[in-house]
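First comes the structure, then the notes that go with it.
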Amino acid sequence: MRLLPLASGGPRRGSPRHLPSCSPALLLLLCGCLGVSRVAAADSRRPNVVLLLADDQDEVLGGMTPLKKTKALIGEMGMTFSSAYVPSALCCPSRASILTGKYPHNHHVVNNTLEGNCSSKSWQKIEEPNTFPAILRSVCGYQTFFAGKYLNEEKNSKYYNYTLSINGKARKHGENYSVDYLTDVLANVSLDFLDYKSNSEPFFMMISTPAPHSPWTAAPQYQNTFQNVFAPRNKNFNIHGTNKHWLIRQAKTPMTNSSIQFLDNAFRKRWQTLLSVDDLVEKLVKRLEFNGELNNTYIFYTSDNGYHTGQFSLPIDKRQLYEFDIKVPLLVRGPGIKPNQTTKMLVANIDLGPTILDIAGYNLNKTQMDGMSFLPILKGASNLTWRSDVLVEYQGEGRNVTDPTCPSLSPGVSQCFPDCVCEDAYNNTYACVRTMSHLWNLQYCEFDDQEVFVEVYNLTADPHQINNIAKSIDPELLGKMNYRLMMLQSCSGPTCRTPGVFDPGYRFDPRLMFSNHGTVRTRRFSKHLL
C-alpha cells in the first residue's frame with residue numbers, strides 16, 4: 001500500500017521537482033505546482049477545489065446516514081445530487097473515469113486486474129498525463145495534492161500495517177492508533193498541506209479515504225457504535241433474483257443465518273469507519289475557514305461506487321448493474337452555490353473532471369472527456385439543456401477455472417464469499433443505459449454471454465428493480481434503447497453527449513437496427529479491450 005500526492009512540493013521549502021508516474025495503491029503527493037505561467041501564478045482569486053472520495057460508499061442503503069457533519073458542512077451549505085451515478089460499479093474503472101472524465105471503453109480500464117488495465121504501464125503512459133489533476137497542475141497553474149487510494153491494488157484499503165509512498169519514498173505504518181490509523185493520517189497530512197502550501201497559486205486537493213471499504217476497521221472510539229443497526233430489510237433484500245442474469249439467479253435463497261449475520265456485521269462496521277471520515281471533513285472545513293479560504297473553495301464529496309448487503313440474496317459486494325451499486329452520494333458546496341439545494345439532474349462521475357476544469361477556467365473543448373461540466377447546475381442556471389441518460393458498463397473478472405474453495409461451482413466464477421455465493425464471473429460483462437426524464441425513469445441492460453440476456457426496469461413503478469420487464473415493454477421502445485446503447489458504447493467525447501431516447505432532439509433510424517438478414521442487431525462486447 002502506498003500514499004502518494006498528485007503534485008510535488010514542499011511549499012516554500014525549495015523549488016518544485018518532478019515526481020515519478022503515479023501507480024496503483026495508496027498515494028500521498030504533497031506537491032507545489034509545476035509549469036506555472038506568470039499570469040496563472042498572479043491570479044490568486046481563482047477558486048480552490050477539494051475532492052473527497054470515499055471507497056464503496058452506497059447512497060441507496062443509507063450510506064450517508066452516519067455522516068452528520070458532512071451533510072451539515074457540505075450538503076446543507078450547498079447542493080445535494082439525488083441522481084449521481086458511476087459508469088462502472090468497481091473501484092479501478094470508476095476511479096479511472098473520475099480522473100480522465102471518460103467512460104471505461106475510452107480509458108480502457110475494465111476491472112480491477114492488471115489484465116483489465118488497472119494501473120498498467122499503458123494507463124500511466126497514455127491516460128495519466130491527460131487526467132484533470134495533471135491539466136490543473138501543468139496548464140492552469142494549480143498546486144495539486146493527492147492523499148489516499150489512487151486506483152487499485154489488492155488489499156490496499158487497510159487501516160493499519162500498511163506502507164505508504166510519499167512522493168516516491170516508502171514509509172511503513174504499524175498498528176498504533178494515534179499515529180497509524182489511515183483515515184486520520186490522511187486528515188493530518190491534508191491539514192499540513194493547507195498550512196504549508198504556497199499562497200500565490202490556487203490549489204486542488206483530492207483525499208481518497210479507505211472507508212468504508214473492507215476490512216472495516218473502525219477507530220477505537222467508534223467500535224461500539226451502531227450496535228442496534230442492521231442492514232436495511234428493503235423489498236429486494238434476501239429474495240431470489242427471478243428473471244435476472246444467471247449470476248444473480250445462482251445466489252442461495254433464502255440466505256443462511258451465518259450470511260445474514262455476516263452482512264449485518266459488515267453493514268454496522270462500514271458505518272463505524274465512516275465516522276472517522278466525518279471527523280476528517282470537519283477538520284478540513286474548519287482549517288479552510290481558519291485560513292480564510294473556505295469562501296473561495298469548492299468542496300465535492302462522493303464515492304467510487306455503491307454497495308449491497310443482501311439484495312437479491314447477494315451478501316456483500318458491488319459490480320452489479322442495480323441502483324444500490326451504481327448510485328453514489330454527491331454533495332458540493334462552494335462560491336455561488338446557494339445552500340440547502342437538492343437537484344434531480346442526472347450526473348455521472350465522468351462529469352467531475354470537466355466541472356473542476358470549468359471552475360479553474362480551462363477550455364473544455366481542448367479535452368477528450370466524455371463528461372459534461374455541471375457547474376451551471378451548481379450556479380442555478382435556468383433553461384439548461386442537460387442529458388437524459390448515462391452509460392454503465394463492466395467487464396467481469398474471473399478465469400475459466402474452478403474456484404478451489406467452492407469446487408462444486410462452475411468454472412469462471414469469482415468473489416465467492418461467503419457461502420460460495422459468487423459476485424462475479426469472467427462473463428459477467430454487461431452494458432446499460434440509465435435514462436431519466438420527466439416521462440421515464442428507466443434502465444436498459446444487455447449481457448455479453450451465451451444468453452445475450454436483457455434486463456429492463458421501470459424505476460418509477462419498481463424502484464427496487466424486482467420485475468424485469470424486458471419481455472413486456474413496447475418492442476419499439478426496446479429497439480430504441482438497444483440502438484442508444486450501441487451508440488453510447490461506441491461514443492467518444494462530444495458523441496457521448498448526444499440526445500438520449502427521450503430528448504426532443506433524438507433521431508432514430510430503425511434500419512440501423514437490422515443486419516442484411518433482417519434480424520435485430522445487438523451490440524457486442526470485446527473480450528479484449530486493450
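The values are calculated or read from the model by the stated rules, or taken from the named source; none is laboratory data. Remember, predicted model here, so these are calculated numbers, not experimental data. As a convention, Cβ positions derive from the backbone with ideal geometry for all residues, glycine included, and neighbour counts pool all protein chains shown. Heads up: the accessible areas ignore ligands, DNA and RNA and are worked out on the full protein's heavy atoms, side chains in. Shrake-Rupley method; radii C 1.70, N 1.55, O 1.52, S 1.80 Å.
Here is how the numbers come out for the structure above:
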quantity	calculated
Residue in segment 225-240 that is within 19 Å of Ser276 (Cα to Cα), out of contact with any strand residue (DSSP E or B) (no Cβ under 6 Å at 6 or more places or on another chain) and part of a helix (DSSP H, G or I) present	no
Pairs, first open to solvent by less than 10 Å² (accessible area, probe 1.4 Å) in segment 134-145, second in a strand (DSSP E or B) and hydroxyl-bearing (Ser, Thr, Tyr), C-beta under 6 Å, six or more apart	Leu136/Thr144
Filter pass, Pro254 being surrounded by fewer than 19 Cβ atoms within 10 Å (Cβ to Cβ) and under 25 Å from the mean Cα position of the chain (by Cα)	no
Any chance Lys327 is surrounded by 18 or more Cβ atoms within 10 Å (Cβ to Cβ) and at negative phi	yes
Candidate set: segment 165-195, residues that are more than 30 Å from Gly292 (Cβ to Cβ) and touching a residue at least 40 places away in the same chain (Cβ under 8 Å); chosen: the one surrounded by the fewest Cβ atoms within 10 Å (Cβ to Cβ)	Ala170
Residue count for segment 370-398, restricted to those that are assigned to a loop (DSSP other than H, G, I, E, B) and closer than 25 Å to Pro504 by Cβ	15
Check on Ser388, over 17 Å from the mean Cα position of the chain (by Cα) and open to solvent by 10 Å² or more (accessible area, probe 1.4 Å)	no
Helices (runs of 4 or more DSSP H) lying entirely in segment 1-118 (those with 1 or more residues that are acidic (Asp, Glu), under 30 Å from Ala231 (Cα atoms) and modelled with pLDDT of 95 or more)	none
Top-ranked residue in segment 463-491 [being hydroxyl-bearing (Ser, Thr, Tyr) and open to solvent by 60 Å² or more (accessible area, probe 1.4 Å); ranked as farthest from Pro104 (Cα to Cα)]	Ser472
One residue from Thr498, Thr460 being closer than 30 Å to Pro254 by Cβ, surrounded by fewer than 18 Cβ atoms within 10 Å (Cβ to Cβ) and at pLDDT 90 or above	Thr460
Selection count, segment 257-270, where residues are more than 26 Å from the chain's Cα centre (by Cα) and either free of Cβ contacts under 8 Å to residues at least 12 places away in the same chain or exposed (fewer than 15 other Cβ atoms within 10 Å of the Cβ) (or both)	3
Any hit, segment 161-178, residues being in a loop (DSSP other than H, G, I, E, B) and hydroxyl-bearing (Ser, Thr, Tyr)	no
Among residues of segment 200-242, those that are open to solvent by 20 Å² or more (accessible area, probe 1.4 Å), over 30 Å from Gln465 (Cβ atoms) and among the β-branched types (Val, Ile, Thr), counted	2
Entirely in segment 244-360, the strands (runs of 3 or more DSSP E) that have 1 or more residues that are aliphatic (A, V, I, L, M)	297-303, 330-333
Residue satisfying all of: in segment 444-457; β-branched (Val, Ile, Thr) and touching a Phe, Trp or Tyr at 6+ places or on another chain (Cβ under 8 Å); surrounded by the fewest Cβ atoms within 10 Å (Cβ to Cβ) among these	Val454
Subset of segment 82-109 [open to solvent by 10 Å² or more (accessible area, probe 1.4 Å) and within 13 Å of Gln395 (Cα to Cα)]	His105, His108
Any hit, segment 148-161, residues being open to solvent by 30 Å² or more (accessible area, probe 1.4 Å), over 27 Å from Thr217 (Cβ atoms), basic (Lys, Arg) and not assigned by the TED database to the domain that holds Arg497	no
Single residue of segment 144-190 satisfying the filter (of a type in the set (S, T, N, Q) and within 19 Å of the chain's Cα centre (by Cα)) that is nearest to Trp123 (Cα to Cα)	Asn152
